[in-house]
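Notes follow once the structure below has been shown.
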Amino acid sequence: MKPFDSLLIGAIFVASSAWCLAVQGLSQPAIVASIALDKDRAPVGQSPWAILTVKNLTNHDVVLHDLMIRLHVEDEKGERPMTRVQRNITHKLLPGEAPLPGVGGIWAIASGETSSHKYELSYFYDLSVPGKYTVYVDVVDPSSRQPLRTNTVRFEMVVPAQ
């Protein structure tokens, strides 16, 4: 091997190592997210609200779009039936359903700040059956563009008192 070749290989190694470190730095989450519920028990016909709290871990503002946030409500059989709004958000419209206009908003969080948004769960999923449910949220990290999953919380839908 000629001296120039080993120098070139060394330069390529250093450059690729630096690139790998840069990519790893980008993979650090820009946010941390968690959810809570306003109540853990609700009569059928009323809806619990999920409170999504997101903290900006960066030294700059981050922007989330509502389409970067995906709620998941499950029972013991799996994911609950979605409402038309949730089918629109997830691109799972039924045959013949037209896309809904203007779904989604912008959510900006300043550096180091924490912000919360509330979501009425029955707006996204059918909660008309009494039973035990879980909810969690996937939030797309603005830096890595990878989904981050929140904690999972439990709630129960009960028969309304007469």
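Before moving on, here are some points about what is shown:
- Around the amide H of Leu148, modelled in the peptide plane, lie the amide H atoms of Val139, Val140, Asp141, all under 5 Å away and 5 or more residues distant in sequence or on another chain.
- Whole-Hz ³J(HN,Hα) from phi, Karplus 6.51 cos²θ - 1.76 cosθ + 1.60, for segment 142-150, glycine and proline x: x, 7, 8, 6, 9, x, 10, 9, 7
- Among the trypsin sites (Lys or Arg not before Pro) in segment 58-87, those placed in a DSSP loop whose Cβ has at most 15 other Cβ atoms within 10 Å are Lys77.
- Of the GluC sites (Glu not before Pro) found in segment 75-162, the ones in coil according to DSSP and having at most 13 other Cβ atoms within 10 Å of their Cβ are Glu76, Glu97, Glu113.
- Segment 29-158: Rg to Rh, with Rh as the Kirkwood radius over Cα pairs: 0.98
Every read-out reported here was derived from the displayed coordinates using simple, explicitly stated rules and does not represent laboratory data. The model shown is predicted, which means the values in this text are computed figures rather than measured ones. Note that each Cβ is placed from the backbone with ideal geometry, even for glycine, and that neighbours are counted across all protein chains shown.
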